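The structure appears below as C-alpha coordinates.
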Amino acid sequence: MSGAGLGERGAPRPVLRPWLAAVAPAAHGSWRRAPGPDLLRAAARGLLLDQAAAYRRAGHPCPFEEAADFRQGPGGAPLPLGPWHWAVSHTPGWCAALLAPLGSAGPLGLDLEHAGRPVSAALAERLARLAPLGNEGPLGRWLRVEALAKLSGEGLALLAKIGGPVGLSDGLERWSFDGRSALTRLERVGGLWLGCAWSVPFELAPWCPPPEPGPSSPLPFCP
(Lines give C-alpha, C1' and ligand atoms only; values in the text may rest on other atoms or scores of the structure.)
Protein backbone atom coordinates (compact mmCIF):
# COMPACT_ATOMS: atom_id res chain seq x y z
CA MET A 1 0.00 0.00 0.00
CA SER A 2 1.49 3.31 -1.06
CA GLY A 3 1.52 6.18 1.42
CA ALA A 4 1.79 8.91 -1.24
CA GLY A 5 -1.31 11.07 -1.32
CA LEU A 6 -3.80 8.22 -1.40
CA GLY A 7 -7.32 9.62 -1.58
CA GLU A 8 -6.15 13.11 -2.49
CA ARG A 9 -5.73 11.82 -6.06
CA GLY A 10 -9.34 10.68 -6.12
CA ALA A 11 -8.61 7.00 -5.45
CA PRO A 12 -10.83 5.22 -2.92
CA ARG A 13 -9.63 5.84 0.61
CA PRO A 14 -8.79 2.93 2.90
CA VAL A 15 -11.23 2.42 5.74
CA LEU A 16 -9.86 1.88 9.25
CA ARG A 17 -12.23 -0.04 11.53
CA PRO A 18 -11.34 0.31 15.21
CA TRP A 19 -13.23 -2.07 17.46
CA LEU A 20 -14.87 -0.66 20.62
CA ALA A 21 -16.09 -2.61 23.63
CA ALA A 22 -17.59 -1.82 27.01
CA VAL A 23 -15.50 -3.03 29.96
CA ALA A 24 -17.29 -4.06 33.14
CA PRO A 25 -15.64 -3.74 36.57
CA ALA A 26 -13.89 -6.81 37.94
CA ALA A 27 -16.25 -9.22 39.70
CA HIS A 28 -14.59 -8.59 43.08
CA GLY A 29 -14.82 -4.79 42.76
CA SER A 30 -17.54 -2.44 43.86
CA TRP A 31 -20.36 -1.94 41.36
CA ARG A 32 -19.76 1.79 41.81
CA ARG A 33 -16.14 1.54 40.74
CA ALA A 34 -15.13 1.94 37.09
CA PRO A 35 -12.71 -0.64 35.63
CA GLY A 36 -9.12 0.22 36.50
CA PRO A 37 -6.33 0.85 33.97
CA ASP A 38 -5.00 -2.73 34.16
CA LEU A 39 -8.42 -4.18 33.36
CA LEU A 40 -8.91 -1.69 30.49
CA ARG A 41 -5.50 -2.50 29.01
CA ALA A 42 -6.22 -6.22 29.21
CA ALA A 43 -9.59 -5.71 27.52
CA ALA A 44 -7.94 -3.74 24.70
CA ARG A 45 -5.43 -6.56 24.16
CA GLY A 46 -8.36 -8.97 24.04
CA LEU A 47 -9.99 -6.88 21.31
CA LEU A 48 -6.74 -6.97 19.33
CA LEU A 49 -6.65 -10.75 19.60
CA ASP A 50 -10.28 -10.95 18.42
CA GLN A 51 -9.34 -8.88 15.37
CA ALA A 52 -6.33 -11.09 14.66
CA ALA A 53 -8.61 -14.14 14.80
CA ALA A 54 -11.04 -12.46 12.38
CA TYR A 55 -8.22 -11.93 9.90
CA ARG A 56 -7.15 -15.56 10.13
CA ARG A 57 -10.71 -16.78 9.64
CA ALA A 58 -10.80 -14.69 6.47
CA GLY A 59 -7.58 -16.28 5.20
CA HIS A 60 -5.12 -13.49 6.13
CA PRO A 61 -2.02 -14.82 7.95
CA CYS A 62 -2.06 -12.45 10.90
CA PRO A 63 0.97 -13.27 13.12
CA PHE A 64 -0.50 -12.02 16.42
CA GLU A 65 -1.70 -15.04 18.40
CA GLU A 66 -1.38 -14.05 22.08
CA ALA A 67 -1.35 -10.85 24.13
CA ALA A 68 2.44 -11.01 24.59
CA ASP A 69 2.87 -10.60 20.81
CA PHE A 70 1.74 -6.97 21.11
CA ARG A 71 5.05 -5.44 22.16
CA GLN A 72 5.83 -1.80 22.90
CA GLY A 73 9.00 0.24 22.50
CA PRO A 74 10.85 1.95 25.37
CA GLY A 75 8.57 5.00 25.10
CA GLY A 76 5.43 2.87 25.02
CA ALA A 77 4.80 3.09 21.26
CA PRO A 78 3.25 -0.06 19.73
CA LEU A 79 5.79 -2.10 17.75
CA PRO A 80 4.63 -3.59 14.43
CA LEU A 81 5.10 -7.23 13.52
CA GLY A 82 5.97 -7.39 9.84
CA PRO A 83 3.46 -5.21 7.96
CA TRP A 84 0.94 -5.39 10.83
CA HIS A 85 0.40 -2.28 12.94
CA TRP A 86 -1.81 -1.83 15.98
CA ALA A 87 -3.08 0.82 18.36
CA VAL A 88 -5.20 0.87 21.52
CA SER A 89 -6.89 3.43 23.73
CA HIS A 90 -9.27 3.40 26.67
CA THR A 91 -11.46 5.66 28.74
CA PRO A 92 -13.44 4.76 31.87
CA GLY A 93 -15.71 1.82 31.01
CA TRP A 94 -14.61 1.48 27.37
CA CYS A 95 -11.64 0.40 25.26
CA ALA A 96 -10.77 0.67 21.57
CA ALA A 97 -8.32 -1.35 19.48
CA LEU A 98 -7.21 -1.31 15.86
CA LEU A 99 -5.10 -3.93 14.08
CA ALA A 100 -4.37 -3.81 10.34
CA PRO A 101 -1.73 -4.83 7.75
CA LEU A 102 -0.65 -1.31 6.82
CA GLY A 103 2.98 -1.90 5.84
CA SER A 104 5.01 1.27 5.32
CA ALA A 105 1.86 3.42 5.72
CA GLY A 106 1.80 2.64 9.47
CA PRO A 107 1.96 3.48 12.36
CA LEU A 108 -1.41 4.44 13.80
CA GLY A 109 -2.58 6.75 16.55
CA LEU A 110 -5.86 6.16 18.40
CA ASP A 111 -7.65 8.03 21.20
CA LEU A 112 -10.99 7.35 22.87
CA GLU A 113 -12.80 9.80 25.15
CA HIS A 114 -16.24 10.28 26.67
CA ALA A 115 -18.12 13.03 24.84
CA GLY A 116 -18.73 14.88 28.11
CA ARG A 117 -15.14 14.80 29.30
CA PRO A 118 -14.16 18.24 30.63
CA VAL A 119 -11.00 19.90 29.33
CA SER A 120 -9.23 22.16 31.79
CA ALA A 121 -8.91 25.85 30.99
CA ALA A 122 -5.11 25.55 30.95
CA LEU A 123 -5.16 22.69 28.44
CA ALA A 124 -7.80 24.39 26.30
CA GLU A 125 -5.63 27.52 26.15
CA ARG A 126 -2.59 25.48 25.17
CA LEU A 127 -4.52 23.70 22.43
CA ALA A 128 -5.90 27.00 21.12
CA ARG A 129 -2.33 28.26 20.66
CA LEU A 130 -1.83 25.63 17.97
CA ALA A 131 -4.68 27.14 15.89
CA PRO A 132 -8.24 28.42 16.52
CA LEU A 133 -10.31 25.59 18.00
CA GLY A 134 -13.20 25.89 15.52
CA ASN A 135 -16.47 23.98 15.87
CA GLU A 136 -14.93 20.90 17.49
CA GLY A 137 -13.89 22.78 20.60
CA PRO A 138 -11.10 21.78 22.96
CA LEU A 139 -12.16 18.14 23.32
CA GLY A 140 -12.09 17.56 19.55
CA ARG A 141 -8.69 19.23 19.33
CA TRP A 142 -7.43 17.10 22.22
CA LEU A 143 -8.55 13.88 20.51
CA ARG A 144 -6.63 14.78 17.37
CA VAL A 145 -3.50 15.84 19.25
CA GLU A 146 -3.56 12.75 21.48
CA ALA A 147 -3.90 10.48 18.43
CA LEU A 148 -0.95 12.26 16.80
CA ALA A 149 1.10 11.94 19.99
CA LYS A 150 0.52 8.19 19.99
CA LEU A 151 1.33 7.87 16.28
CA SER A 152 4.61 9.74 16.77
CA GLY A 153 5.64 7.63 19.74
CA GLU A 154 6.66 10.80 21.59
CA GLY A 155 3.63 11.24 23.81
CA LEU A 156 2.69 14.72 24.93
CA ALA A 157 6.25 15.98 24.31
CA LEU A 158 4.90 16.38 20.77
CA LEU A 159 2.92 19.46 21.85
CA ALA A 160 6.13 21.52 21.71
CA LYS A 161 6.83 20.45 18.11
CA ILE A 162 3.44 20.21 16.46
CA GLY A 163 2.20 22.52 13.72
CA GLY A 164 -1.17 22.81 12.04
CA PRO A 165 -3.84 21.87 11.46
CA VAL A 166 -4.61 22.21 7.75
CA GLY A 167 -8.15 21.15 6.85
CA LEU A 168 -8.54 18.93 3.79
CA SER A 169 -12.09 17.62 3.31
CA ASP A 170 -14.72 15.53 5.07
CA GLY A 171 -13.26 16.22 8.50
CA LEU A 172 -9.66 15.27 7.70
CA GLU A 173 -6.93 17.53 9.06
CA ARG A 174 -3.21 17.42 8.25
CA TRP A 175 -0.72 18.15 11.02
CA SER A 176 3.06 18.51 10.83
CA PHE A 177 5.73 17.61 13.39
CA ASP A 178 9.47 16.94 13.24
CA GLY A 179 9.55 17.20 9.46
CA ARG A 180 6.76 14.63 9.14
CA SER A 181 3.02 14.91 8.72
CA ALA A 182 -0.06 12.85 9.49
CA LEU A 183 -3.80 13.14 9.06
CA THR A 184 -6.47 12.96 11.73
CA ARG A 185 -10.18 12.19 11.75
CA LEU A 186 -12.85 12.11 14.48
CA GLU A 187 -15.91 9.88 14.75
CA ARG A 188 -18.79 10.01 17.25
CA VAL A 189 -19.95 6.64 18.58
CA GLY A 190 -22.90 7.12 20.92
CA GLY A 191 -21.59 8.90 24.00
CA LEU A 192 -17.97 8.48 22.92
CA TRP A 193 -15.58 10.27 20.58
CA LEU A 194 -12.87 8.38 18.72
CA GLY A 195 -9.86 10.10 17.17
CA CYS A 196 -7.48 8.42 14.74
CA ALA A 197 -4.23 9.51 13.07
CA TRP A 198 -2.52 7.92 10.08
CA SER A 199 -0.07 8.93 7.38
CA VAL A 200 -2.50 8.88 4.43
CA PRO A 201 -6.11 10.04 3.88
CA PHE A 202 -8.56 7.51 5.30
CA GLU A 203 -12.13 6.87 6.35
CA LEU A 204 -12.98 5.82 9.89
CA ALA A 205 -15.70 3.27 10.62
CA PRO A 206 -15.70 2.09 14.26
CA TRP A 207 -17.40 -1.21 15.03
CA CYS A 208 -18.67 -2.69 18.29
CA PRO A 209 -18.48 -6.50 18.23
CA PRO A 210 -21.43 -8.38 19.73
CA PRO A 211 -20.85 -10.24 23.01
CA GLU A 212 -20.56 -13.50 21.07
CA PRO A 213 -18.89 -12.76 17.69
CA GLY A 214 -20.46 -14.73 14.88
CA PRO A 215 -19.06 -15.95 11.57
CA SER A 216 -20.36 -12.80 9.82
CA SER A 217 -18.13 -10.45 11.87
CA PRO A 218 -16.68 -7.84 9.49
CA LEU A 219 -12.97 -7.62 8.92
CA PRO A 220 -11.29 -4.94 11.03
CA PHE A 221 -9.72 -3.35 7.93
CA CYS A 222 -11.19 -2.80 4.45
CA PRO A 223 -8.69 -1.76 1.78
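The values are calculated or read from the model by the stated rules, or taken from the named source; none is laboratory data. Fair warning: this is a prediction, and the values are worked out from it, not measured in the lab. Just so you know, the surface numbers come from the protein's heavy atoms only, side chains and all, with ligands and any DNA or RNA stripped out. Shrake-Rupley method; radii C 1.70, N 1.55, O 1.52, S 1.80 Å.
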Pop out the ³J(HN,Hα) list for the stretch 138-146 in order, Karplus 6.51 cos²θ - 1.76 cosθ + 1.60 with θ = phi - 60°, rounded to Hz; leave Gly and Pro as x.
x, 5, x, 5, 4, 4, 5, 5, 5
Rounded if a/c under 1.5, otherwise prolate or oblate - the stretch 78-202, Cα gyration tensor axes:
oblate
Could you state how much accessible area Asp170 has, in square angstrom rounded to the nearest 10, with a 1.4 Å probe and all protein chains kept in place?
110 Å²
Using amide H atoms built 1.01 Å from N in the peptide plane, name the residues 5+ places from Cys62, or on other chains, whose amide H lies under 5 Å from its own.
Arg56
For the stretch 186-198, Karplus couplings with θ = phi - 60° (6.51, -1.76, 1.60), whole Hz, Gly/Pro x
10, 8, 8, 10, x, x, 10, 10, 10, x, 9, 10, 7
